[in-house]
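To start, the structure itself, in structure tokens.
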Amino acid sequence: MISPDHDTTASQVENLPPIRGFLPSTLIDWPGRIAAEVFLPYCNFRCGYCHSPALLQGDTHEEIPFAQVRQYLESKRNWIDGVVICGGEPTLHDELPCLCRRFRDLGYAVKLDTNGSRPEMLQGLIDSGLIDGVAMDVKTVLDHRMEELARAEIDLEAIDRSITLLGESDIEVEFRSTCCPAFVDQEVVDWIARRIGREATYCLQRFEPQHCAEEVFRAMQPYSAPEMEHLLEVARRHCPKARLRTG
Ligand code: SF4
């Protein structure tokens, strides 16, 4: 349980992780579906380009009661066809399986966004059939660059295990890289594409400086459209299904 002591809320009583953000619908976060999205607080990384720094602290957003989310989902059954759980880093919450089950019980498919640092949680969710899809960030090469990016002590081997287990699973999996020029270049894309393998779905996202947590990233020039096309070309040498994220 990750919540601070003072955070005694309805979610704890229900053995659910706290929901600190809610997007009623998105067309881009689960390609092919119209999904609602919930945001869970806390993260074990401290990426300087994070777009949700407030969520990392956990208690800066008002908690949204699960009952409110459930009520919305019950009223949108004919429109929404999935729920995306993202963060922060959702796998830090030991109660995550309960939340997935609650969405499942409401009849919704569930997708998880993760940084891949907790393979045991991912394996458990897959083995229990509680998730239909995962989008995992592979932020850069799994060496010292990863620690520089995340500014945390990182179990690189755990992230590597997540790549392997997701690659071997039969759920829908997308690996993603945010193409921040400080950490991702053609050598990095080449390494990641080789690592995730030919059958993988790989999404390259353009780095968006505007909402980054730190000034140095807000001042950084993102790759141009032709540069992103070049990175895509590099990715496709090893991952023919690689794509650029649009929107
Ligand atoms: S892993 Fe994601 S949520 Fe966590 S600090 Fe990095 S960008 Fe932010």
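The values are calculated or read from the model by the stated rules, or taken from the named source; none is laboratory data. Just so it is clear, the model here is predicted, and its values are computed rather than measured. We place every Cβ from the backbone using ideal geometry, glycine too, and count neighbours over all the protein chains shown.
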Test each condition in (1) without any contact (Cβ under 8 Å) to a residue 12 or more places away in the chain; (2) touching a His at 6+ places or on another chain (Cβ under 7 Å) for ARG194 and report the one that comes out false. (1)
Identify the residue in the range 20-37 that is closer than 28 Å to ARG218 by Cβ and touching a Pro at 6+ places or on another chain (Cβ under 9 Å) and, among all such residues, is farthest from the ligand (Cβ to nearest atom). GLU37
For the range 83-131, name all the residues that are modelled with pLDDT of 95 or more, at positive phi and buried (at least 20 other Cβ atoms within 10 Å of the Cβ). GLY116
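Does GLU153 qualify as being touching an Asp or Glu at 6+ places or on another chain (Cβ under 9 Å), within 21 Å of ALA35 (Cβ to Cβ) and of a type outside the set (A, V, I, L, M)? Walk me through how you get there before you give the answer.
Numbers: touching an Asp or Glu at 6+ places or on another chain (Cβ under 9 Å): yes; within 21 Å of ALA35 (Cβ to Cβ): no; of a type outside the set (A, V, I, L, M): yes.
When the stated conditions are applied, GLU153 does not pass them.
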Name, by its number, the condition in (1) of a type in the set (Lys, Arg); (2) over 24 Å from LYS139 (Cβ atoms); (3) surrounded by fewer than 18 Cβ atoms within 10 Å (Cβ to Cβ) that does not hold for ARG46. (2)
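Each row is one residue, and each column tells you yes or no for (1) surrounded by 21 or more Cβ atoms within 10 Å (Cβ to Cβ); (2) in contact with a helix residue (DSSP H, G or I) (Cβ under 9 Å, 6 or more places away or on another chain); (3) within 15 Å of ASP137 (Cα to Cα).
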| position | (1), (2), (3) |
| --- | --- |
| VAL184 | yes, yes, yes |
| ARG195 | no, yes, yes |
| HIS211 | no, yes, no |
| HIS230 | no, yes, no |
Just for the range 62-96: of the residues that are more than 16 Å from the ligand (Cβ to nearest atom) and touching a residue at least 60 places away in the same chain (Cβ under 8 Å), which one is farthest from PHE183 (Cα to Cα)? GLU95
Scan the range 22-61 for residues that are of a type in the set (D, E, K, R) and either out of contact with any Cys (no Cβ under 7 Å at 6 or more places or on another chain) or without any contact (Cβ under 8 Å) to a residue 24 or more places away in the chain (or both) and jot them down. ASP29, ARG33, ARG46, ASP59
